[in-house]
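Peer 1: Have a look at this one.
Each value in this text was obtained by applying a stated rule to the coordinates, not by laboratory testing. What you are looking at is a predicted structure, and each value in this text was computed from that prediction instead of being measured.
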Amino acid sequence: MKAEQYKEVKDQIAGWPVKISSYKLGSKFYVTIDNVSPGAWICKTEGATLEEAETQARAKAAEMLSRTRKMPVGS
């Protein structure tokens with residue numbers, strides 16, 4: 001199988017910059033959200049539609065990122 005409809009979008013979730021990558025593989029859509037720097041995965045979801053997979057991924061990422069402490073610059 002070959003990935004189709006690949007797309008990358010930069011956005012902010014819970015005040016953090018993120019990159020949202022999505023693609024279709026077979027009959028399912030996959031969405032991965034990572035923090036822009038250093039690029040670590042925050043979550044990965046799958047769904048029957050792109051909207052379903054992206055909604056789940058954004059909800060999971062918002063939950064995880066809202067619990068992450070931000071350190072003041074210079075600390």
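Peer 1: If I take every Cα pair under 8 Å that is 6 or more residues apart in the chain, average their sequence separation and divide by the length, what percent do I get for the relative contact order?
Peer 2: Taking the mean separation of contacting Cα pairs over the length of the chain, I get 23 percent.
Peer 1: If you don't mind, there's one more thing I want to ask. Once the Cα atoms of helix 50-66 and of the chain are each reduced to a long axis, what angle between those two axes, in degrees from 0 to 90 to the nearest 10, is obtained?
Peer 2: 20 degrees
Peer 1: May I ask for the Rg/Rh ratio of region 4-66, computed from Cα atoms with Rh as the Kirkwood radius, given to two decimals?
Peer 2: Looking at region 4-66, the ratio lands at 0.96.
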